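For reference, the structure is listed below as C-alpha cells.
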Amino acid sequence: MFRIAIKDLKLFVAEKRSMILTFIVPIPLITLFSLAFGGMGKSSDVRKLPLVVCDEDHSISTKRLVQQLDSLPQLRLFHTSLDTANDLVQKGKEDAALVFHKGFADSLEEGKNLPIELRYDKAKEVQMGMLMAVLSGNLMHLVGTKSLERKAIVRFDQQNPGMDSAMKKGVHQMIASNFGGGTSTGKSEAILTSTALSAQAEVSPGLIQAVAGTAVMMLLFSVAGLGASLLQEKEEGTLKKLLFSPLTPGNILFGKMISANIVAMTQLLIMFLFSWLAFGLDIKQNIPGLILMIIATAFACSGFGIMLASFVKTRAQVQGLTTLIVLTMSAIGGSMMPTFVMPIWMQHMAVFSVNYWSIQGFYDIYWRLKPISDPDFLMRVGMLFLIGLVLNTIAIFMFRRNILKIA
Amino acid sequence: MIKVENLVKKYGETTALDGISFEIKEGKFFGLLGPNGAGKTTTISILSTILRPDSGTVRIAGFDLQKDPDQCKRNIGVVTQEIALYNKLSAFDNLMFWGGIYDVPKAELKTRISEILSLFGLTERQHDKIEAYSGGMKRRINIASAMLHRPKVLFMDEPTVGVDPQSRNLIFEVLEKLHKEGITIVYTTHYMEEAERFCDQIGIIDKGKIIAEGTLAELKKSGGIKESIAVTFNEISEEVAKKIGTFLDGEFKFTGNTLHYYSNQIKSDLGKLIVLCNDQGADISNIEIQKVNLETIFLSLTGKQLRD
Ligand SMILES: Nc1ncnc2c1ncn2[C@@H]1O[C@H](COP(=O)(O)OP(=O)(O)OP(=O)(O)O)[C@@H](O)[C@H]1O
Ligand SMILES: [Mg+2]
C-alpha cells in the first residue's frame with residue numbers, strides 16, 4: 001500500500017508536466033485572480049465600494065456605527081439627506097444608500113426591530129452583492145445579536161416590498177449566514193470594539209477569494225491527473241502486473257489515495273505559503289484551522305480524482321470529463337467568482353461542489369475570523385470529509401467491480 | 001507443481017478455452033505452443049489468478065487457485081506479453097518496487113537485484129530511466145522484475161516477441177540457468193525453435209483445445225509422420241521414374257520432378273537412394289532431408305501453419 005504510494009509519488013516527481021501543473025501554474029493564476037478581485041496587498045490598496053449613508057436618527061449609536069463603517073477598508077461613505085440619497089440612487093449616480101431611520105437608537109436599546117434600510121439601484125446587482133456581503137457581515141458584527149436575525153429579515157422584507165423574490169432570498173441568506181457566523185455575543189457586547197474590526201479588515205476578501213478559489217480549482221485538476229495515473233497503469237499493463245502480486249485491488253486503490261492526498265496537501269500548502277509571502281495573507285493567525293481545512297479539502301478533492309478514474313475507461317475520457325466537471329464545479333462553487341454575485345439558483349447549486357465548502361471554510365478562517373471550534377466552520381470541514389468519504393467509497397466500489405475485467 | 005483440469009473460458013460468443021487439462025511436474029520447462037488466438041494468453045491469465053475461468057480447477061504448488069489465491073500468487077512470477085514497467089523510473093527503482101510488493105526484505109532485495117542485473121548484463125544502465133532503454137533491454141528488465149521474489153513457477157507469455165538477437169540470447173541464457181536451478185517454467189510461444197530448444201514438455205493448443213501433449217519425441221511418434229528425403233531432378237522421364245520406383249521398398253511419391261521418400265532410417269537410406277538414382281541415369285539437382293519438427297507435427301494435426 002505504502003509502496004504503491006511511494007512509487008506514485010516518485011512517478012509524480014519524475015513527470016515534469018504534472019509538477020509544473022500542480023505547483024507552478026497555480027501561482028500566476030492566484031496572482032491574476034487576486035488582481036481581478038482587487039485583493040492585492042493589504043487593506044489600503046483595496047478598491048473601495050461607494051456607499052451613501054443617511055443618518056435620520058442623529059443618535060450617538062448611529063454616529064458611532066457610521067464611524068465604524070467608515071473605518072472599514074472596503075467602504076467609502078458619503079453622507080447626505082434621505083431625499084438626496086433617493087435621488088442619487090434612482091438616477092443611478094450611486095449604487096446604494098444605507099438609511100438609519102429615526103428611532104434606530106431606541107430600537108436598539110429596546111431590542112426591537114432596527115429601522116435600517118438599504119436602498120439600491122436594481123441595475124447594479126453585482127455591486128449590490130459585494131456591498132451586501134461587506135455590510136451585512138459588518139453590521140451584524142457591530143450590532144449583532146443572534147436574535148436579531150429574524151427581525152432583520154422581516155424588516156428587510158417590509159422595507160423592500162417591491163424587491164424581486166430571488167434577490168430577497170439572497171439577502172435573507174446573506175443575513176442568516178452572517179448571523180449564524182457572527183459572534184454570538186450578548187446584547188451588552190452589541191457593538192464590537194474597533195480592534196476586532198481592524199483585525200478583520202487586514203485582509204481583503206478578494207485575496208481570500210483568489211487564493212482559496214484558485215487553490216481548490218487547481219487542486220481538482222491535479223488530483224484528476226493523479227487519478228488518471230490509475231488508467232495509465234491500466235493502459236500500460238502495470239495494473240495487471242500489480243494484480244499478479246499478493247496486493248489486493250483495495251491495497252492498490254488505497255495506495256493511490258494516499259499519494260493523491262499527499263500531493264494535494266503539498267499543493268495547498270505551497271499555495272497558501274505563496275499567498276503569505278507574496279500578498280501578506282496572514283496564514284499564521286489560525287494554523288490549526290488552516291491545517292484542518294487543507295486536510296479536509298485534500299481529502300475531498302483527491303476523492304474526486306480517484307472516483308473519476310475508477311469509472312472512466314480511458315485517459316482521453318478523463319481529460320475531457322475533468323475539464324468539464326472541474327470547470328462547472330468551480331464556476332458554481334465560487335472558484336471563479338464569489339458565489340454571492342451569482343444568480344440565486346446557482347448559489348443553491350453551489351453546495352454540491354467541493355469548491356463551495358472549501359472556499360467558505362477559508363473565508364471562515366481569514367475573513368470571518370472564526371476559531372477552529374466554531375460550529376459553522378466545523379460543519380464545512382465535516383461536509384468536505386463527507387464528500388471525500390462518499391467519493392472514495394464510490395471509487396472503491398467501482399474499482400472492485402471493474403478491475404477484474406482488465407485481464 | 002501445476003495441475004489444470006477442464007478449464008473453460010468464454011468471452012461472450014467466443015470460446016477461448018474449451019476444456020483444457022494438463023499437468024506439469026516440478027522443474028519442467030513446459031511449452032504452450034499455438035497460433036494467434038489459440039488461447040495461450042487466456043490460459044496464462046487464469047493460471048496467474050487475474051482471470052476467472054468459467055469452470056475447471058487449477059492447483060499450483062499444492063494450493064487451490066480458487067480457495068487460496070494468495071498462496072498461489074506468492075509462488076508464481078509472471079512475465080507478460082506486453083512490457084509492463086514504469087517508464088519514468090529507473091530500472092533499479094522499478095526492480096525495487098516490483099520486488100517490494102512481494103515483501104522481499106530490502107537488503108535481500110538489493111542483493112537479488114544486483115545479481116539479476118549482472119545476469120542480464122544491465123548493471124551499468126541500472127540507474128537510467130526505462131524510457132531510455134531499447135526494446136530488448138526493457139524486455140530483460142521486464143523478465144527480471146518477475147523473478148525477484150524467487151517464484152517456484154514462472155509464467156512467460158511470448159517473452160521474445162520483437163526482441164533483437166542479442167537480448168534474445170541473453171534471455172535464453174537466463175532461461176537455461178533458471179531451468180537448471182529447478183524452477184518450473186511455463187512458456188508460451190509460436191516460435192518452434194524456442195520450444196524445441198528448451199521444452200521438456202510441450203502442449204500444442206489450437207482453438208482453445210490441447211490437441212497434443214508430451215515430450216518432443218513423444219509428439220513426433222504420436223503424430224505418425226515420418227521423416228522424408230526429397231530428391232529433385234533436373235529432368236526425369238516417366239520411364240526412369242517408374243524404374244526407380246520398382247527398386248524402392250518403402251513409401252514414396254513423385255510430385256513433378258521431385259521424389260519424396262519416407263523412411264525411419266534416413267541416414268542409411270540416403271546413400272542407397274543416391275546410388276540408385278545415379279545407376280538409373282537420373283540427373284539430381286537437389287537433395288533435401290525433411291525432418292519431423294513441431295511445425296510439421298502441427299501441420300499434420302491441424303492442417304494449418306503454426307506461423308501466419
Ligand atoms: N478480453 C477479451 N474479450 C473477448 N475475447 C477475447 C479477449 N481476450 C481474448 N479473447 C479471445 O480469446 C481467444 C484466445 O485469445 P488469447 O489471447 O488467449 O490467444 P493467444 O494464444 O494468446 O494469441 P496470441 O498468439 O495472439 O497472443 C481469441 O479468439 C481472442 O480473440
Ligand atoms: Mg497471447
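Give me a count of the residues in segment B:91-100 that are open to solvent by 10 Å² or more (accessible area, probe 1.4 Å) and either facing another protein chain (nearest Cβ under 8 Å) or part of a strand (DSSP E or B) (or both). Total meeting the criteria: 2. Pairing residues of segment A:230-255 that are farther than 18 Å from residue B:70 by Cα and more than 7 Å from chain B (Cβ to nearest Cβ) with residues that are of a type in the set (A, V, I, L, M, F, W, C) and surrounded by fewer than 17 Cβ atoms within 10 Å (Cβ to Cβ), at Cβ distances under 8 Å and at least 6 apart in sequence or on separate chains, gives A:234/A:406; A:255/A:2. Per this entry, residue B:189 is counted among residues that are within 16 Å of ligand 1 (Cβ to nearest atom) and under 22 Å from residue B:47 (Cβ atoms).
In segment B:125-167, the residue that is farthest from ligand 1 (Cβ to nearest atom) out of those that are within 14 Å of chain A (Cβ to nearest Cβ), over 16 Å from residue B:89 (Cβ atoms) and in a helix (DSSP H, G or I) is B:143. Taking the numbered list (1) open to solvent by less than 10 Å² (accessible area, probe 1.4 Å); (2) outside any loop (DSSP other than H, G, I, E, B) in turn, residue B:122 passes all entries but (2).
The residue that is surrounded by the fewest Cβ atoms within 10 Å (Cβ to Cβ), among those in segment B:77-90 that are more than 7 Å from chain A (Cβ to nearest Cβ) and of a type in the set (Val, Ile, Thr), is B:83.
Residue B:48 meets all of the listed conditions (1) open to solvent by 30 Å² or more (accessible area, probe 1.4 Å); (2) facing another protein chain (nearest Cβ under 9 Å) but one, namely (1). Exactly one residue out of B:218, B:213 is acidic (Asp, Glu), on the phi < 0 side of the Ramachandran plot and in a helix (DSSP H, G or I), and it is B:218.
Considering the conditions (1) within 20 Å of residue A:242 (Cα to Cα); (2) not in a loop (DSSP other than H, G, I, E, B); (3) not basic (Lys, Arg), residue B:57 is excluded by exactly one of them, (1).
Residue by residue, here is whether (1) out of contact with any strand residue (DSSP E or B) (no Cβ under 8 Å at 6 or more places or on another chain); (2) over 19 Å from residue B:129 (Cβ atoms); (3) open to solvent by 10 Å² or more (accessible area, probe 1.4 Å) holds:
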residue: B:64; (1), (2), (3): no, yes, yes
residue: B:72; (1), (2), (3): no, yes, no
residue: B:102; (1), (2), (3): yes, yes, yes
residue: B:109; (1), (2), (3): yes, yes, no
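Residues in segment A:232-263 that are crowded, with 20+ Cβ neighbours inside 10 Å and more than 23 Å from residue B:143 (Cα to Cα): A:253, A:255, A:256, A:257, A:259, A:260, A:261, A:263. Scanning segment B:37-61 for residues that are over 16 Å from residue B:5 (Cβ atoms), among the small types (Gly, Ala, Ser) and near ligand 1 (Cβ under 10 Å from one of its atoms) yields B:37, B:38, B:45. What about residue B:30, is it within 16 Å of ligand 1 (Cβ to nearest atom), of a type outside the set (D, E, K, R) and not in a loop (DSSP other than H, G, I, E, B)? Answer is yes for this residue. Of the candidates B:38, B:61, the single residue that is more than 13 Å from chain A (Cβ to nearest Cβ), more than 16 Å from ligand 2 (Cβ to nearest atom) and either without any contact (Cβ under 8 Å) to a residue 12 or more places away in the chain or not charged (D, E, K, R) (or both) is B:61. Exactly one residue out of B:284, B:202, B:289 is within 30 Å of residue B:9 (Cα to Cα) and assigned to a strand (DSSP E or B): that is B:202. Give the residue that is most open to solvent (accessible area, probe 1.4 Å), with candidates limited to residues of segment B:177-197 that are more than 16 Å from ligand 2 (Cβ to nearest atom) and modelled with pLDDT of 90 or more. Among those residues, the one meeting the criterion is B:180. Counting only helices (runs of 4 or more DSSP H) that sit completely within segment A:263-378, those holding 2 or more residues that are at pLDDT 90 or above, assigned by TED's automatic domain parsing to the domain that holds residue A:226 and more than 28 Å from residue A:233 (Cβ to Cβ) correspond to A:287-311, A:354-366.
Tell me which residues, restricted to segment B:101-124, are among the hydroxyl-bearing types (Ser, Thr, Tyr) and within 14 Å of another protein chain (Cβ to nearest Cβ).
B:102
Quick one: is residue B:16 under 17 Å from residue B:151 (Cβ atoms), modelled with pLDDT under 95 and either within 16 Å of ligand 1 (Cβ to nearest atom) or not small (Gly, Ala, Ser) (or both)? Taking the combined requirement at face value, the residue does not satisfy it. When the residues of segment B:184-217 are filtered to those that are more than 11 Å from the chain's Cα centre (by Cα) and hydroxyl-bearing (Ser, Thr, Tyr), the one that is nearest to residue B:301 (Cα to Cα) is B:215.
Annotation: of all residues in segment B:214-240 being more than 17 Å from residue B:291 (Cβ to Cβ) and without any contact (Cβ under 8 Å) to a residue 40 or more places away in the chain, the one that is surrounded by the most Cβ atoms within 10 Å (Cβ to Cβ) is B:214. Number of residues in segment B:143-162 that are surrounded by fewer than 23 Cβ atoms within 10 Å (Cβ to Cβ), within 16 Å of ligand 2 (Cβ to nearest atom) and not aliphatic (A, V, I, L, M) equals 4.
The values are calculated or read from the model by the stated rules, or taken from the named source; none is laboratory data. These numbers come from a predicted model, not from an experiment. Using ideal geometry, Cβ is built from the backbone for each residue, glycine included, and neighbour counts are taken over all protein chains shown. Quick note on the areas: whole protein, heavy atoms, side chains included, nothing else; ligands and nucleic acids left out. Shrake-Rupley method; radii C 1.70, N 1.55, O 1.52, S 1.80 Å.
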